[in-house]
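Each remark here refers to the structure printed beneath this line.
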Amino acid sequence: MRRNTGLVVFLIISTLIQLSAQSKSSVPNIVLIFCDDLGYADLSCYGSIWNQTPEIDKMAVEGMRFTDFYAGAPVCTPSRAGLMTGCYARRVDLDLDASNRWVLFPKARKGINPREIILPEVMKSAGYQTAIIGKWHLGDQSEFLPTRHGFDYWFGLPYSNDMGIQREEEHLLPLMHNEKVIDSLEQRSDIDQASLTQRYTEEAIRWMNRSRDQPFFIYLAHTMPHNPVAARPQFYENTSNPKKGFGASVAEISWSTGEILSYLKEEGLDTNTLVIFTSDNGGAPHWGASNGMLRGRKGQVYEGGVRVPSIAWWPGSIKPGTTCTAQASVLDFYPTFAKLADVPLEDGVKRDGIDISEYLFNPASDRDPRPYYYWHVGYLRAVRYGDWKLNLSGQLDTTARKNILKSTYKIAQFVDQSTLHHLRNDPGETTDVADQYPTVVKQLMKLAQAEKAALGEFNQKGPEVRATIWVASPKTLIE
């Protein structure tokens, strides 16, 4: 009898272990690789003739490539706010800093709203381990740090690598481990900056190895190829880019991506891990980036400022060598990852992204058109619906134009009247067809008016804006 009882207990325990293992494997690990200022045509698989990116090209061959994928905004902070909240930065009050500049700077009075339930918090509710390796840029005060918003672990910089705090003759960057500054990097040092991509990669792999017994979500937010660009010496041989540092930093990001994918394959984690590779906004050509056929650059609302490369990889789930031409954006990651983690979003909070998990498995399916709004420095500058894009610059008065020029350091460009472009036929936005399609102009203008009524403009916040907090006496991380 005791033998039978022991056998029954053994079978029960074995069954529970098996069910537990099945439960763990029923939701995927998620790795999000997020570059800084990588242009639409900076990868070989997106047409680069300068930069060698064999590891990322292989990822595209083994996975799926998006053609019409959008950042959350044309610059860092608002794009990352969109990623973390599933909302346009305008909706969560991070489209401008406290001084109406386009991103947050050190000693920022504003940051991510503590009341927002952001992406890592959603993943933690599903039992995920969470980490950010790399750049945060959503506030450097204690209330805003990633470890206060659902990330179990952080190793990286709080903002861009050109934002050093001046101490005597040096401009120093605080390298963070959770909430502690563990190193002060010299902003202008090729040695200090050149080690970042390698350090991030090694830290990411170490963390995944420690966390593999549970589902994990890791946000690998590269500092590069944001200026000042840097890479280890061997990667300068892997580019013919006239701006050698930029090309080398892209080559090293490709190496890093290969290291991440190789680790997942070697450890048998690849078939249960979704890896996404993308960028926070378009590239800046004067630093070495290329946006290819797209007009414009980082900081502008032409396609070159907002449309970015994006690749999805999940062996056994995503069909190799596929392409998705449907419109999507980083705003969609929030509801998509929640869906994959089996977390129902029933909090009643309005978000702008949609679940695009089905795009990964059926990329060629027909889909209804949806709007994408080009918010930038407090103003709605354009709207896309289907293949049509309406540039709204012609609607801006003199005051609005002055505000935009000041907030964007005078790189904004305007048109005298609103223009209409068919992006499938004219991705370079060269031909205005507004006179030929007045009904389309009217339809898109109606969408724009409704959006502005909800979210307001510049310092006049609309009824749907969820205002964040301001810190009365912010402090620098490096004293």
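The values are calculated or read from the model by the stated rules, or taken from the named source; none is laboratory data. Computed from a predicted structure; not experimentally measured. As a convention, Cβ positions derive from the backbone with ideal geometry for all residues, glycine included, and neighbour counts pool all protein chains shown.
Here is how the numbers come out for the structure above:
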quantity	calculated
Single residue of the range 439-479 satisfying the filter (in contact (Cβ under 8 Å) with a residue 60 or more places away in the chain and of a type in the set (S, T, Y)) that is surrounded by the most Cβ atoms within 10 Å (Cβ to Cβ)	T468
Residue tally, condition buried (at least 22 other Cβ atoms within 10 Å of the Cβ) and not in a loop (DSSP other than H, G, I, E, B), over the range 277-299	3
Given (1) under 19 Å from G156 (Cβ atoms); (2) over 24 Å from the mean Cα position of the chain (by Cα), number of the condition T257 does not satisfy	(2)
Scan of the range 379-418 for residues that are touching a Ser or Thr at 6+ places or on another chain (Cβ under 7 Å) and either among the basic types (K, R) or at positive phi (or both), ordered by number	R381
Residue tally, condition in contact with a Lys or Arg (Cβ under 8 Å, 6 or more places away or on another chain) and surrounded by fewer than 24 Cβ atoms within 10 Å (Cβ to Cβ), over the range 227-249	2
Residue check, E252 acidic (D, E) and either crowded, with 19+ Cβ neighbours inside 10 Å or closer than 27 Å to E358 by Cβ (or both)	yes
Selection within the range 384-414 - assigned to a helix (DSSP H, G or I) and surrounded by fewer than 20 Cβ atoms within 10 Å (Cβ to Cβ)	G394, Q395, T398, T399, A400, R401, K402, L405, K406
Qualifying residue in the range 181-196 (condition: part of a strand (DSSP E or B), touching a helix residue (DSSP H, G or I) at 6+ places or on another chain (Cβ under 6 Å) and either more than 29 Å from Q129 (Cβ to Cβ) or in the same structural domain as R109 (by TED's automatic domain parsing) (or both))	yes
Qualifying residue in the range 297-310 (condition: hydroxyl-bearing (S, T, Y) and either within 16 Å of the chain's Cα centre (by Cα) or farther than 20 Å from T67 by Cα (or both))	yes
The range 366-383, residues that are out of contact with any strand residue (DSSP E or B) (no Cβ under 7 Å at 6 or more places or on another chain) and either surrounded by fewer than 23 Cβ atoms within 10 Å (Cβ to Cβ) or at pLDDT below 95 (or both)	D366, R367, D368, R370
First in the range 349-361 and more than 14 Å from L83 (Cα to Cα), second anywhere and among the hydrophobic types (A, V, I, L, M, F, W, C) and assigned to a loop (DSSP other than H, G, I, E, B), Cβ under 6 Å, 6 or more apart	Y359/A326; L360/I318
Among (1) more than 21 Å from Q443 (Cβ to Cβ); (2) touching a strand residue (DSSP E or B) at 6+ places or on another chain (Cβ under 6 Å) - the single one N362 does not satisfy	(2)
Number of the exception - R424 against (1) more than 14 Å from Y385 (Cα to Cα); (2) assigned to a loop (DSSP other than H, G, I, E, B)	(1)
Positions within the range 200-215 being farther than 15 Å from E266 by Cβ and surrounded by 16 or more Cβ atoms within 10 Å (Cβ to Cβ), in sequence order	Y200, E203, W207, S211, P215
Residue that is within 20 Å of the chain's Cα centre (by Cα) and assigned by TED's automatic domain parsing to the domain that holds Y128, where the choices are G268, G321, G283, G316	G283
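Yes/no matrix, rows are residues, columns are (1) among the hydrophobic types (A, V, I, L, M, F, W, C); (2) surrounded by fewer than 21 Cβ atoms within 10 Å (Cβ to Cβ); (3) modelled with pLDDT of 95 or more:
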site	(1), (2), (3)
I12	yes, yes, no
T15	no, yes, no
S20	no, yes, no
I33	yes, no, yes
L38	yes, no, yes
A41	yes, no, yes
C45	yes, yes, yes
P54	no, yes, yes
K58	no, yes, yes
